[in-house]
Amino acid sequence: MKRIISSLLIATALIGSAIQPAAARDHHHHDNTGRAIAGGLAAGVVGGLIGGAIVNSGPRYVDGPRYYDAGPPPPRCWYEDRDVRNRYDGGYHTETVRVCD
């Protein structure tokens, strides 16, 4: 009886030691949840915000006028169908004509 129990304990220890390294080899310290990617992304966003704030914090010197004179607005135009006199037979035909104010 003593031999059977000791052989079962040895077999259990051998099987357990054979199974454990496979599970430990696959798991390591990585959990594959994307935490490293999310951390890198957050660090990049924060770094970009800080860098943009530093770049835009200096004094601004503008030469020339501080306004933009756009001039008069362009005329409002649209297309209409109009009857136009024919040159050849004296009749009329319809053409699409651009009309502006």
Original post:
Can Tyr79 be described as at pLDDT 85 or above and either in contact with a Ser or Thr (Cβ under 6 Å, 6 or more places away or on another chain) or in a loop (DSSP other than H, G, I, E, B) (or both)?
Top reply: yes
**OP:** With the condition kept exactly as written, say whether any residue in region 93-100 is at pLDDT below 70 and outside any helix (DSSP H, G or I).
**Re:** no
Subject >> Candidates Arg85, Arg60, filtered to the one that is modelled with pLDDT under 75 and among the charged types (D, E, K, R) >> reply: Arg60
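The values are calculated or read from the model by the stated rules, or taken from the named source; none is laboratory data. Computed from a predicted structure; not experimentally measured. Cβ sites come from the backbone with ideal geometry, for glycine too, and all protein chains shown count toward neighbours.
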